[in-house]
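Heads up, the thing below is written out as structure tokens.
Read the figures in this text as sums done on the coordinates, not as results from a lab. Just so we're clear, the structure is a prediction, and the values are computed from it rather than from any experiment. Heads up, the Cβs are rebuilt from the backbone with ideal geometry, glycines too, and the neighbour counts pull from every protein chain shown.
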Amino acid sequence: MVKQGLYDPKFEHDACGMGFIVNLNGEKSHEVIRKGIEILINLTHRGACGCDPETGDGAGITIQIPHEFFARECSALGFSLSEPGTYGVGMMFLPVEPKQRLICEGIVERIAKEEGLTVLGWRDTPVRADAIGRTVFIHLRFIQLVGLTAVDLPQFFDQLCRPFLNRLS
């Protein structure tokens, strides 16, 4: 195999349990999502299930931020998002107990401010508790999405990722 773009054969090794589907032009399509789900189904051989048949191992797919969906949801919650590519979304697994959760949110907001980020708002993530296995249900967390932006988001992400990328080279 030949080094090309971000690919370098020196990093080649067994990666059972991983699969990647991308559109190299960055175009959104349902086909990419369909193929991503197909990969998940094909990875059940690696034990992608928990000790009860209703519980998975947390494997999933990562997609581009669905801006239209988030813009609509955030508007209903009383805050707005800027243009696509100018904000990020973080998924937070927080305590179920409201007082503890508010403390955690405050910590996230303080650190975001210290790092030069602005918290745009929070969104509770709907959870179908009836679809969760018993072994996971007893450890269920309150899942929230937090919208973040910075004056220069691309520069912020470059600073955030640069040490990691430098270690890979």
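Subtracting the Cα-Cα distance of residue 83 and residue 18 from their residue separation scaled by 0.36 nm leaves 20.2 nm. Amide H contacts under 5 Å for residue 142: 94, 96, restricted to partners 5 or more places along the chain or on a different chain, H placed in the peptide plane at 1.01 Å from N. Reachable lysines from residue 113, Cα under 30 Å, same-chain residues fewer than 8 places away excluded? Within the straight-line limit of under 30 Å, residue 113 reaches these lysines: 99.
In this rough spin-label picture, where each label sits 7 Å from Cα along the Cβ direction, the residue 111-residue 7 distance is 3.6 nm.
Taking the Cα centre of region 66-169 as origin and assigning +1 to Lys and Arg Cβ atoms and -1 to Asp and Glu Cβ atoms, the resulting dipole is close to 380 debye.
Applying 0.36 nm per residue to the separation of residue 136 and residue 152 and subtracting their alpha-carbon distance, the gain on full extension is 1.9 nm. Using the Karplus relation 6.51 cos²θ - 1.76 cosθ + 1.60 with θ = phi - 60°, the per-residue 3J(HN,Hα) values for region 111-126 come to 5, 4, 5, 4, 8, x, 9, 10, 7, 7, x, 10, 9, 5, 8, x Hz, with x marking Gly and Pro. Fewest-first ordering of 134, 101 by other beta carbons within 10 Å of each residue's beta carbon gives 134, 101. Partners of residue 3 within straight-line reach, counting lysines whose Cα lies under 30 Å from its Cα and excluding those fewer than 8 residues away in the same chain: 28, 35.
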